[in-house]
Amino acid sequence: MTLERFDIARILLVDDEPAFRLLAERFLTQQGHQVVSVADLATARTQLAAQSFDLILLDLSLPPAFDPQATLLALAEFTAQPVIIMTGHAERELALKAISLGAWDFLAKPVDPDMLAVVVKRAISKHQLSRELTLLKRHHQPTDVLSQLVGVSRQMDNIRTLVQRIAPTEVRVLVTGPSGTGKEVVSRVLHQLSLRSKGPFVSVHCGAIPAELLESELFGYVKGAFTGADKDRQGLLSLANGGTLFLDEIGEMPLPMQVKMLRVLQEGTFYPVGGREQKQIDVRLISATNAVLPELVRQGKFREDLYYRIKGITLETPALDERREDIPLLIQRFLQQHPADIQLSPEAMAWFLQQTFPGNVRELKNTLESVLAIAQGGVVTLSDIQLLHLTPQQTPAATPLLASPGLSLDEQVRQLEVSLLTQALLESQGNRSQAARVLGLSRQGLLKKIERYGLQQMGG
Ligand SMILES: Nc1ncnc2c1ncn2[C@@H]1O[C@H](COP(=O)(O)OP(=O)(O)OP(=O)(O)O)[C@@H](O)[C@H]1O
Ligand SMILES: [Mg+2]
């Protein structure tokens, strides 16, 4: 029999009979499952604390007391995964009671292997379905478009306010900022909140398309314009008609193309390559760059007249190290988007808060994704991070978030606030009342700040 991935589970088998454990373990392993078997409840608890399982097979009569009632009471602890009870023939009453207490199913001993296979399979797929349902619900919550721009910093507040104000206008927008700071996110949100949101959003990476192809890519061409042009083809400009044209990395646009683009922006018309018929377009232009355009203008690499045409309103997405208080909330958002339900241990969270991210949000996200990929048992630990040789970068451990120099007092105060909250939560191991006392806050006041800064996972 071949099994789909869907059918494979990590199973915790709890039974005091060595012979049965051996047989069941062998049988289930043959079916492709991973089995951990233990002889008593105490060891079962240790296992459950250390790793996650998809299913528990639980004998009702276990040492030391061999009291089924005690095992039934333990059912309440095991609600995170389905439990299948195993009982002797004479214990029908107990089996029914177990079901009423939340067990998913029961098997009568001696256990018939075929029956075992069927019951296990049913429990796994039922569990899988309910998990998928939860994920679906999570993903289909109508999220506020603006909330895609995650961050509690004043800089992010400003960006959200500006985006909201200028999105419904036709003004051209230039988004500038270091690599990985969210320029593309900002641009997409601008489109989604614009009156053109039902129209296309066409993104052109000006540096990625070879100079000699850029014109035909953007403007399209007519049949016979060059060898290989065996029929008319629409360009990206026409595809963007009625929507938004996003010129990404516009600083990398070759100078000859800049001249042609300028004409498009001045007149709203263009000619496809080899064509004589002028085309009209109706697009809103959003551009992005991590270069300092006035600098490129001075160096003669970017046309000044084009710069003034595309500039419209300039939005700047600042480096992550200038708004370190955004880090916890970004992490929280990325964890929510992750398909598996994984958390960071307090130490792992603290590690992230100590890092500097020269590659900004993208680097934070990539780093997080690589540790999520190797995490086991639903928790990222510090040793997972060490396993990847992600070496910590400077910053003393005592101040998880170090305020960056050159910021306004207000910004530094915020970063310090997040830093102190983090420290108090770590030291109290997540005990909110204790942390509140240390900080001289009311518990309610602390909870508000935790929510605000996305520190829910600090200290466990
Ligand atoms: N404020 C934010 N909230 C949520 N996610 C963000 C935010 N900023 C950036 N990201 C995420 O970080 C990654 C990089 O963002 P994006 O591609 O928009 O950066 P960029 O500024 O365009 O980078 P580059 O200059 O390298 O093109 C993406 O995965 C994006 O979803
Ligand atoms: Mg980009």
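The values are calculated or read from the model by the stated rules, or taken from the named source; none is laboratory data. Just so it is clear, the model here is predicted, and its values are computed rather than measured. Backbone-built Cβ (ideal geometry, glycine too); neighbour counts: all protein chains shown.
Annotation note: Cβ proximity below 9 Å between a residue of the stretch 156-177 that is outside the structural domain of Asp282 (by TED's automatic domain parsing) and a residue that is within 16 Å of ligand 2 (Cβ to nearest atom) and hydroxyl-bearing (Ser, Thr, Tyr) (sequence gap 6+ or interchain) occurs for no pair.
Selection of the stretch 242-289 for residues being aliphatic (A, V, I, L, M) and closer than 23 Å to Arg196 by Cα yields Leu245, Leu247, Ile250, Met261, Leu262, Val264, Leu265, Ile281, Val283, Leu285, Ile286, Ala288. Are there any pairs, at least 6 apart or on different chains, whose C-beta atoms fall under 7 Å, with the first in the stretch 18-37 and in contact (Cβ under 8 Å) with a residue 12 or more places away in the chain and the second of a type in the set (Lys, Arg) and outside any helix (DSSP H, G or I), and if so, which? Cβ pairs passing all conditions: Gln34/Arg10.
Before we move on, is Gln343 more than 16 Å from ligand 2 (Cβ to nearest atom), outside the structural domain of Leu193 (by TED's automatic domain parsing), without any contact (Cβ under 8 Å) to a residue 24 or more places away in the chain and over 30 Å from Asp232 (Cα atoms)? When the stated conditions are applied, Gln343 does not pass them. Of the residues Leu247, Leu255, only one is within 34 Å of the chain's Cα centre (by Cα) and touching a residue at least 12 places away in the same chain (Cβ under 8 Å); which? Of the residues listed, the single one that is within 34 Å of the chain's Cα centre (by Cα) and touching a residue at least 12 places away in the same chain (Cβ under 8 Å) is Leu247. One residue stands out among those in the stretch 310-331 that are surrounded by 18 or more Cβ atoms within 10 Å (Cβ to Cβ) and more than 14 Å from ligand 1 (Cβ to nearest atom): the one that is modelled with the highest pLDDT, which is Ile310.
Considering only residues in the stretch 162-197 that are within 16 Å of ligand 2 (Cβ to nearest atom) and basic (Lys, Arg), the one that is surrounded by the most Cβ atoms within 10 Å (Cβ to Cβ) turns out to be Lys183.
Cβ separations smaller than 6 Å between residues 6+ apart or across chains give the following pairs from the stretch 285-301 residues that are closer than 13 Å to Met253 by Cβ to residues that are within 12 Å of ligand 1 (Cβ to nearest atom) and of a type in the set (Lys, Arg): Ala288/Lys183.
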